[in-house]
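Since every read-out is calculated from the coordinates, none of them should be taken as a lab result. Predicted model, so just to flag it, every value in this text is computed and none were measured. Heads up, the Cβs are rebuilt from the backbone with ideal geometry, glycines too, and the neighbour counts pull from every protein chain shown.
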Amino acid sequence: MSTSIEFDHHADRSHMSVSDKVAIEITGMNKWYGNFHVLRDINLTVNEGERIVICGPSGSGKSTLIRCINRLEEHQEGSIIVDGTELSSDLKNVDKVRSEVGMVFQHFNLFPHLTILENCTLAPIWVRKTPRKEAEEMAMHFLEKVKIPEQAHKYPGMLSGGQQQRVAIARSLCMMPRIMLFDEPTSALDPEMIKEVLETMISLAEEGMTMLCVTHEMGFAKEVANRVIFMDAGQIVEQNEPNEFFDNPQSERTQLFLSQIL
Amino acid sequence: MSDLSYVRAEMLPEKAPPVSTSGAVGWARENLFNGVGNSILTILSLFMVYLVLSALLPWVFSPTWNAASLNDCRTILAGHEGACWGVINERWPQLLFGFYPNGSEEGTVDQRWRPILTFVLLFVAVIPVLFNMISRRMNWVLLLGALGIAFVTRGGVLTMIIGVALLAGAAYVAFQLFNTNKVDRAEEIASGAKRLPNPLIFSAVFPFLAPWLLWGGSIWGPIGALFGFVIGALVFRAVTAVAGSLMGIIAAVLSAVIWWLFLMGGFAWAMESIISLGLEPVESRKFGGFMLSITIGVVAIGCSLPIGIVLALGRQSDLMIVKSLCVGFIEFIRGVPLITLLFVASTLLNIFMPPGSNFDIIVRVLIMVTLFASAYMAEVVRGGLAALPKGQYEAADALGLDYWKAQRLIIMPQALKISIPGIVSTFIGVFKDTTLVSIIGLLDPLGLSNAIRADANWNGVVWELYGFIALMFFVFCFSMSRYSMYLERKLRTDHH
């Protein structure tokens, strides 16, 4: 599943530095679906400004892992600390983490009964208590950033898949998140639309956003990520910086995976 | 150059469709005469329609409007087939109002203006809920106008003055309404011009006003009941700020119930002794006809939707006790015929009440019909909830919306939209089921029709009465059905 999308290889991305402050800390995390052990002893520390791509075969637990970070899935063992807040059954902590962590889904999950603008202003108004006018200005700012301000008063059903996904990114950004999670954001899109979404994500990375991205877009991983994580059978098999990961994979499982997709 | 190579030099322009498939001719060809079989069916159907109408219309147009009895009708018709409309002419007030005081008994005054006003105000209260295209000012014109006419027609100097003032207000607002166009007004509002109060305020007051108008009595009763909600809301706001929303809800419900049970009676009595303001009480057994059907129907429809939503959410809840209570309630009510519940309301319930307590029969019926409708409504709403993709819940969660906000802003608007056809079907079903109250002796239109046929003058009249009742029900049910289609069209967001 090689990607044919070309990025600007000469762009200077040296300023995309990683701070040494910890954004997410996962220690000894285990999760089961019934008796099925879906995540096994996950240990992962993400620093602020890191851009991590998680890849692996389907069913390897990569989506489940990032969905645990904003507790769309509950973990049963170990700890997840996001931005200093530990995720537990305390709903207040969960809501706090969720409002700091943006999430983009494979199927966009825009609210079809609201206009694009309302989709973007809903959470700021109801969760952050931002005045409507201010929220609308901010929404327009982010819609301009993802290059679709002219669609603000349309409904999601009237937009193409790529446009919908960019709206979904803008909707998350309106909450001013410190961390963004992407769960296969381009898997449901036509090749022509994948590029526009990836470009939006790259510009986000360039601004220093902490990003965790489950994707099969290896071009994106090479270009933007500072770390690639390979998962299989619910565990982290290998992680490395992208050049090393792609040119010199250590584990046999990784080598097999890369030989299949590249 | 190979034969396979082809390059389009210019893109094709759009063309109009061929004439034979558009316009009246195209429509008829496609829908009525599409092939030999369909043409034969069309002609046969037209013939059937002709047969039915040629039999029905002469019967309907029969000159018997002023007949005083069935025998009169027979004389007028002189052997021809025809309807005997005299019964409707004589009894329509009864079919509409039952035995609501009409001034015919000694020492009573015609009170029928009260149900009429209630019915008109019902529309004024419901319009801002159902249609958002009607302007605020139009709503106030309707409200002030209706109240003004009611006051003016009551006679008496003081009511006359109030009525004229209300009508003047209505006229003033109407004058303003027709003198400014929409665009100017929108600009005025944007620049901070004063707006009239939201007409939904009246929609909230109406449920307290309507029972007072219909049953009469002191006005302080309904005002006290309304106060209960105000107290509940204030307590909720105060407690939520300190102890969270769950405690807020509990405290609000408790304080409101305490008010209603222990304090409200004293309040109403005290206020009544200071300022006595009331309407002549009318007993429930005088209620009847369409007035009764509409009262039961509107209450059941209005209350069953919110109760149904709560039950549907409860059924999906993770909390064991809440869930089993809701499932138990829904399955019990759905498993029992409405007739049984009505018999419980009319006979059994009195046995369980403390002796001497007078629990109004119509209120008992209202509760039963509402519970019955709620159980069905819960299942309809649950269907809508089940149809929503899981991603909508996840997106709402991921944005940090809590359960109630997610329900209110994301889930319910979509679930209810999906369930509109089912919800309206349930509404229509409930409205028609109100005729079952005739079995426990309430005089709804069907109950009255039996009473009318017991009259020696009209003994033997069947089709005319049932036809009239059917027509009235059809008007209401068909309007509901049309409204639901309008609403579905309005809420569609997936087209250009």
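Within the stretch A:61-100, find all residues whose amide N lies under 15 Å from a label point positioned 7 Å from the Cα of residue B:322 along Cα-to-beta-carbon.
Under 15 Å, as judged by backbone N against the label point of residue B:322, lie A:91 of the stretch A:61-100.
Report, please, the projected area of the stretch A:193-262 averaged over directions, based on the convex hull of its C-alpha atoms, in nm².
5.0 nm²
Measuring from label point to label point, each 7 Å out along Cα→Cβ, what is the residue A:144 to residue B:276 span in nm?
Going from the residue A:144 label point to the residue B:276 one covers 7.1 nm.
Give the residue list of trypsin sites (Lys or Arg not before Pro) in the stretch A:89-188 that are DSSP loop and have at most 11 other beta-carbon atoms within 10 angstrom.
A:129
Sequence gap at least 6, Cα distance under 8 Å: using those rules, report the relative contact order of chain A to the nearest whole percent.
Once divided by the residue count of chain A, the mean separation gives 27 percent.
Please report Rg over Rh for chain B, where both radii come from the alpha carbon positions and Rh follows the Kirkwood definition.
Taking Rh as the inverse mean 1/r over Cα pairs, Rg/Rh reads 1.03.
Sticking with the crude label model, points 7 Å out along Cα→Cβ, report the distance from residue B:10 to residue B:205 in nm, one decimal please.
Modelled inter-label distance: 6.9 nm.
For residue A:21, which lysines qualify as cross-link partners when the Cα separation must be under 28 Å and same-chain residues fewer than eight apart are set aside?
Straight-line reach from residue A:21, under 28 Å: A:31, A:62, A:92, A:96, A:145, A:222.
On a straight-distance basis, which lysines could pair with residue B:194 in a cross-link, Cα separation under 16 angstrom, same-chain partners fewer than 8 positions away excluded?
Those lysines meeting the cut-off are B:182.
So how strong a dipole does the stretch A:48-177 carry about its Cα centre when Lys and Arg Cβ are +1 and Asp and Glu Cβ are -1, to the nearest 20 debye?
The dipole magnitude comes to about 380 debye.
Evaluate E = 1/(1 + (r/R0)^6) for residue B:310 and residue B:359, where r is the Cβ-Cβ distance and R0 equals 22 Å; express this FRET efficiency to the nearest 0.05.
0.35
Report the one residue of B:326, B:477, B:377 whose Cα lies farthest in the direction of the positive end of the charge dipole of the stretch B:284-496 (charges on C-beta: Lys and Arg +1, Asp and Glu -1; origin at the Cα centre).
Farthest towards the positive end: B:477.
Under 14 Å from a point 7 Å along the Cα-to-Cβ line of residue B:331: which residues of the stretch B:377-412 have their amide N that close?
none
What percentage of all Cα-Cα pairs in the protein assembly as shown are separated by more than 36 Å?
Of all Cα-Cα distances in the protein assembly as shown, 61 percent exceed 36 Å.
What translational D, rounded to a whole number of µm²/s, comes out for the stretch B:343-453 from Stokes-Einstein when the hydrodynamic radius is the Kirkwood one over Cα pairs, at 20 °C and 1.002 mPa s?
D = 125 µm²/s.
What is the magnitude of the charge dipole of the protein assembly as shown about its Cα centre, with +1 placed on the Cβ of each Lys and Arg, -1 on the Cβ of each Asp and Glu, and no other charges, expressed in debye to the nearest 20?
2440 debye
Using a simple spin-label model with points 7 Å from Cα along the Cα→Cβ vector, what separation in nm is obtained for residue B:439 and residue B:229?
Modelled inter-label distance: 3.3 nm.
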